[in-house]
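Structure first, then comments.
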Amino acid sequence: MSLVRNVGTIGGLTAVSRVFGFARDILLARVLGAGLAADAFQLAFILPNTFRRLFAEGAFSVAFVPMYTRALHSADGPDGAGGLAAQKFANDVLAVFVWVLLGFSALAMLAMPGIVWLLASEFKEIPGKFELSVTLAQITFPYLALVSVVAMLSGVLNARSRFAPGAFVPVLLNIVLISGIGVGYYLRGDSGDNVVVATTLAVAVAVAGAAQLAYMAWATRRVGVVLTLRLPKLTPEVRRLAKLILPATFGAGIYQISQFVDTFFATSLPQGSLTLLKLADRLNQMPLGIVGIALGTAILPMLARHIQTDDRAGAQRLQTNAVEIAMLLTLPAAVALAICAPAFATAFFVGGQMTQANGDTMGRIVMALVAGLPAYVLVKVFQPAFFSREDTRTPVWIAAGALIINIAINFAVVPVFGIVGLAGATAFTAWLNVTTLYVVLHRRGWYRADLHLVGRIGRQTAAVGVMAVALWLVVPLMAENYSGGALDRVWSLGVLVLGGGAVFLMGAWVTGAIDASLLSQLTRRRRNAGAAVRGAEAARDPSLTEPALPVLPPANPDAKDTGPT
């Protein structure tokens, strides 16, 4: 299957999730503002999600997916002995994984006062804030165990080239949380007690985890994969997975520790800083989530198959296409967000309990964060080159070095520049991380950017420069509209988004920044996954397909395609 087509599937559904998440945060900002209850909920939401990225989407996925893929395509393939071997492996892993998650979750909930104190000891200075943070975190933490099993089921489907269900489950989270905001707002009534809203939201997080797990269990059964919970047994394959997970956990842990470091510094700043940072990051996460998660999820199993068949040329083409797509989509997004950040922050978030001063600060945070947007995505493109070769150690040392530098920079800039300096340090170390990853890949001969790619990125940069000038001239002309009525906000932002996009596309067309065949693959709907279609794609541009690989049939021939329609 084409990398671009898989990215389109994942990216499209992730875009839906981001839209719902964006709506969630707009409502959250207006209902809770940036005060005591808002900070307490943000901390309670950060904790299970950080551990989720560490265990489920980080170390576990990068180790589990290549091993499951290898078992799936062994022997007679997915429909034969390979499918049975893969299912046995998944069942053995689930039997151990569930008990580890339950035990860790229970211990963390008991130790929550100490965890919150380590991350946000300054909350004790404000009456009731520390206690509320502990309570909310204990309510939200069961989400970790539920969503970790969801991530495993998603990995099973991804290995079978069924990317849609895993990309859809975050939509359920946001739908439930939006409902939670509505219920909390209703329960609060005229009392103005934001603690009621925050508590309702915490309960909604746990409910969302249960909804996601139920959906993924249905999705796996729909393609003929039935996993059952057994008594735990440390089989040789499970032991091998554990050996791969340990260094990967440390590597992912380095990144998550950096998130805790950012949280620690943010909670030491004036009240509301943590909330403003997380809301500002929502603007940064729109393109990052859509492009970065889609590329990282799609490339890992595909790259693993190339490497297992010793197809070095195919692996090189795959990563080159991924880098080109990443830069094509993130360069203009980063520059546009940086220039339009004050307008977006005001138009989307200011209102209700969110003040204009909060919006101004949020705009500056966004400008600092998006400076690292292309780097955040490229990290997700380069890391699979290590993971697919079962090298989970090298990224550890690179991430560790970046973390040390990040902490040092934070101590220097946060006292001077506050929360904006914290965001800027994050962007700088992201570029340091991705540069180091590429240098190592280049020296090992695993990936080297060719002149064609360099030229294409140069053309993209030129087109982005034209767009930047246009936006810089237009943004101040509508300054009053960004804080006006709903209609004024909508049409003024529409002018910025549509106008900036049109200018970039024209500039890209003139400079040759867009590969027309690559773009056509990104926008084409998946009508047929058969060999005839793939052969036609290969004839137009062989770099867009994986000609050495057969189509992965569903485990159940009667199962319907789970991709978007």
| field | The listed residue being crowded, with 17+ Cβ neighbours inside 10 Å, modelled with pLDDT of 90 or more, β-branched (Val, Ile, Thr) and touching a Lys or Arg at 6+ places or on another chain (Cβ under 8 Å), out of VAL440, VAL420, VAL474 | value | VAL420
| Out of all the residues in region 189-211, is one or more buried (at least 19 other Cβ atoms within 10 Å of the Cβ), farther than 17 Å from PHE45 by Cβ and touching a residue at least 40 places away in the same chain (Cβ under 8 Å)? | no
| Criterion violated by THR392 - all others in (1) touching a Leu at 6+ places or on another chain (Cβ under 7 Å); (2) surrounded by fewer than 22 Cβ atoms within 10 Å (Cβ to Cβ); (3) not aliphatic (A, V, I, L, M) satisfied | (2)
| query | buried (at least 21 other Cβ atoms within 10 Å of the Cβ) and either over 16 Å from the mean Cα position of the chain (by Cα) or modelled with pLDDT under 70 (or both): does that describe SER2? | reply | yes
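A quick yes/no check of all residues on (1) surrounded by fewer than 21 Cβ atoms within 10 Å (Cβ to Cβ); (2) in contact with a helix residue (DSSP H, G or I) (Cβ under 9 Å, 6 or more places away or on another chain); (3) under 30 Å from ALA343 (Cα atoms); (4) free of Cβ contacts under 8 Å to residues at least 40 places away in the same chain:
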{"residue": "VAL377", "(1), (2), (3), (4)": "no, yes, yes, no"}
{"residue": "PHE387", "(1), (2), (3), (4)": "no, yes, no, no"}
{"residue": "GLY401", "(1), (2), (3), (4)": "yes, yes, no, yes"}
{"residue": "GLY458", "(1), (2), (3), (4)": "yes, yes, yes, yes"}
{"residue": "THR461", "(1), (2), (3), (4)": "yes, yes, yes, no"}
| So which pairs qualify, if the first residue must be in region 328-350 and in a helix (DSSP H, G or I), the second must be aromatic (Phe, Trp, Tyr), the Cβ gap must be under 6 Å, and the two must be at least 6 apart or on different chains? | PRO332/PHE504; ILE339/TRP472; ALA343/TYR482; THR346/TYR482; ALA347/TYR482
| task | Specify which of the listed residues (THR355, THR346) is crowded, with 20+ Cβ neighbours inside 10 Å and either in contact with a Gly (Cβ under 6 Å, 6 or more places away or on another chain) or of a type in the set (Val, Ile, Thr) (or both). | result | THR346
| message | So THR392 passes all but one of these: (1) modelled with pLDDT of 90 or more; (2) polar (S, T, N, Q); (3) within 21 Å of the chain's Cα centre (by Cα). Which condition number does it fail? | response | (1)
| request: Could you name every one of the helices (runs of 4 or more DSSP H) located completely within region 65-171 that has at least 3 residues being of a type outside the set (Val, Ile, Thr), under 26 Å from the mean Cα position of the chain (by Cα) and surrounded by fewer than 19 Cβ atoms within 10 Å (Cβ to Cβ)? | output: 81-110
| task | For region 279-313, enumerate the residues that are over 21 Å from VAL169 (Cβ atoms), part of a helix (DSSP H, G or I) and modelled with pLDDT of 75 or more. | result | LEU279, ALA280, LEU283, ASN284, ARG312, ALA313
| Is it the case that some residue within region 540-561 is surrounded by fewer than 16 Cβ atoms within 10 Å (Cβ to Cβ), part of a helix (DSSP H, G or I) and modelled with pLDDT under 90? | yes
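The values are calculated or read from the model by the stated rules, or taken from the named source; none is laboratory data. In this text, all values refer to a predicted model and were calculated from it rather than measured experimentally. Positions of Cβ are generated from backbone atoms using ideal geometry, with glycine treated the same way; all protein chains shown enter the neighbour counts.
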